[in-house]
1. Fewest first, what order do 47, 6 take by the number of other Cβ atoms within 10 Å?
2. Could you give me the percent of Cα pairs per 10 Å distance bin for the chain, shortest bin first, beginning at zero and ending with the bin that holds the maximum distance?
């Protein structure tokens, strides 16, 4: 699947509640933390909601990438 925009957020969805609203909310909160514009967030969410549950999940996962952080 092609990314809607060429950006990802540092978010691990493994083990996350499978509710679509929870998934989209987690993505939205993290994208805001990482400085995404509202237009960028809306573009991804619009595409995610354009079809069924599996499309929501695959679209959001496609814009998530677990990044290692130095402690």
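1. Least crowded to most crowded, the residues run 6, 47.
2. Values per bin, smallest distances first: 20, 59, 19, 2.
Laboratory data are not the source of any read-out in this text; all were calculated from the coordinates shown. Model, not experiment: these values are computed from the prediction. Virtual Cβ from ideal backbone geometry, glycine too; neighbours counted across all protein chains shown.
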